[in-house]
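Novice: Before anything else, here's the structure in question.
The values are calculated or read from the model by the stated rules, or taken from the named source; none is laboratory data. Quick caveat, the model's predicted, so the values are computed rather than measured. Note that each Cβ is placed from the backbone with ideal geometry, even for glycine, and that neighbours are counted across all protein chains shown.
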């Protein structure tokens, strides 16, 4: 999609005003409405579907498996969260898919509390989460620069938030016969973990009830990733594709539990070789852009997270209504 | 009739086995300790290759980078009023690629990582475990360079043409910081672009700085130097590319580490990376001026 020179300059001018006017009259820190459901896939530990009014849709599923990690290699070469992206029309080794995979793996693995994935009473057993993301777009607008990051990030947040892990039964046995602990301990070394068949016994990976959240306040939530469009001195969250086309630069800012985390990254959102050459492409960022972006994300991220948490909580009540099967 | 072993090829009776003087690989020359506010010395050379329109070679410690620029060359197809700019990065097959994903690469310099470990780590980063396509790290570097250099090249001067940048990493340390590799590659690309004669808005210079939890600043950090300082494990690195003659505009920005970011940290990172970028820019300028005067 290419804007005409007139459209382009009109849009750019209105967005670079001191009080910018966005084409859909949103505020600078306002997101487009999304339609989201959780836990609608019965065969997965957690799942979500997020739809946007422009027809883009993101389906995320979380599947857990148990892996054994020797203590020597822990923290280093093993990543317990593994993202896989599926974007129709893009090869797995294309720049877009490859960069998305790397960014998500990096952000989620670096900011995830691995202790919550550890199996109780097992020394080297961990849950490994395989997260599959399917991004569907009914327009041909998606390209290397139009990164649907916000939508994907919302979707993976919801999927992880709704992820439930099965109850370990080995754990229960221990309470009954804790007389000879040493014996059990040696048994546990060779014993395989056993899980309860009853899905209603499962526990949330991220506890959602308010009482438990106060209990462990340092419990991290899944990270959220925000993409900001920079136009002149203004920054915009959740830019539409038109806004991205007229933008000078983009900023990718990840957020986790109230903090801005690494890696913050600058990017180009508006490479459009056929468009008129405007001065926009030769402009870089400055200190003000970065600090403005960080404050903007700090301001909106907590609200976004609590809104998404609401989706998880309400999805619970009518879990079976959400199922597509 | 000589009934010998017919299955194998046995040499003459008086043959002696080949003797290798030293079959063990030599100890690699490791980084010497440097002060926190110093940058490592580097070697640059342009125009080593004759086939591409421009090329540059850069050497820092064990890291060797070769960049070649092809273009502007004409392309077929519909009319384009701007040049098309493409970047490709490739590590030579035997080069161990640094691990960008690892949580604790900073602390894994305890020298007991075996060859096997290194290979496992390397395989984890390769897309689909296949070597035929670009690895994630290669793609990441390509996109950083692409977005950083896009503002610098005056693409409007070259309609209907393409400018291709090929980055080859000839050697790299596995323990090395990915960001420090990016900064080296980016500076090498600047030189190659100058060598190619393509019109630029400004030469891009890239600096990298690390800030620890106690606000200690380290310019040009690599893994090994600062191992003992970062015992508390909290740090943040930033590689930042500047257009120094265009009001120090930031054209590339990437952070890494485990410290939470706030505005004062950003300011410190920008200032210190800019300090390093300016030193590098000065070196590059002197090199280029010397080259002109020697011609």
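Novice: When residues of region A:283-298 are filtered for being assigned to a helix (DSSP H, G or I) and either at the interface with another protein chain (Cβ under 7 Å from one of its Cβ atoms) or over 18 Å from the mean Cα position of the chain (by Cα) (or both), how many remain?
Specialist: Summing the residues that are assigned to a helix (DSSP H, G or I) and either at the interface with another protein chain (Cβ under 7 Å from one of its Cβ atoms) or over 18 Å from the mean Cα position of the chain (by Cα) (or both) in region A:283-298 gives 10.
For every residue, the table says whether it meets (1) more than 10 Å from chain B (Cβ to nearest Cβ); (2) part of a helix (DSSP H, G or I); (3) over 17 Å from the mean Cα position of the chain (by Cα); (4) touching a residue at least 60 places away in the same chain (Cβ under 8 Å).
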site	(1), (2), (3), (4)
A:40	yes, no, yes, yes
A:43	yes, no, yes, no
A:50	yes, no, no, yes
A:63	yes, no, no, yes
A:103	no, yes, no, yes
A:112	no, no, no, yes
A:115	yes, yes, yes, no
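Novice: Counting only residues that are within 11 Å of another protein chain (Cβ to nearest Cβ) and surrounded by 18 or more Cβ atoms within 10 Å (Cβ to Cβ), which one in region B:62-94 is farthest from residue B:161 (Cα to Cα)?
Specialist: Among those residues, the one meeting the criterion is B:89.
Novice: Is it the case, given these coordinates, that residue B:236 is at pLDDT below 90, in contact with a strand residue (DSSP E or B) (Cβ under 7 Å, 6 or more places away or on another chain) and not in a loop (DSSP other than H, G, I, E, B)?
Specialist: Yes; evaluated as a whole, the condition is true for this residue.
Novice: Look through A:252, A:241 and report the one residue that is more than 9 Å from chain B (Cβ to nearest Cβ) and at pLDDT 90 or above.
Specialist: Step by step, each of A:252, A:241 is checked, and only A:252 is more than 9 Å from chain B (Cβ to nearest Cβ) and at pLDDT 90 or above.
Novice: Out of B:220, B:195, which single residue is within 30 Å of residue B:72 (Cβ to Cβ), buried (at least 18 other Cβ atoms within 10 Å of the Cβ), in contact with a strand residue (DSSP E or B) (Cβ under 9 Å, 6 or more places away or on another chain) and more than 9 Å from chain A (Cβ to nearest Cβ)?
Specialist: Residue meeting the stated conditions: B:195.
Novice: Now for a separate question. Can you say whether residue B:281 is crowded, with 20+ Cβ neighbours inside 10 Å, within 18 Å of residue B:183 (Cα to Cα) and away from every other protein chain (no Cβ under 14 Å), as far as the supplied structure shows?
Specialist: yes
Novice: I would also like to ask the following. When you go through A:262, A:218, A:274 one by one, which is the residue that is facing chain B (nearest Cβ under 9 Å), surrounded by fewer than 19 Cβ atoms within 10 Å (Cβ to Cβ) and at pLDDT below 90?
Specialist: A:274
Novice: Could you look through region B:253-269, keep only residues that are crowded, with 16+ Cβ neighbours inside 10 Å and in a helix (DSSP H, G or I), and pick out the one that is farthest from the other protein chains (Cβ to nearest Cβ)?
Specialist: This residue is B:268.
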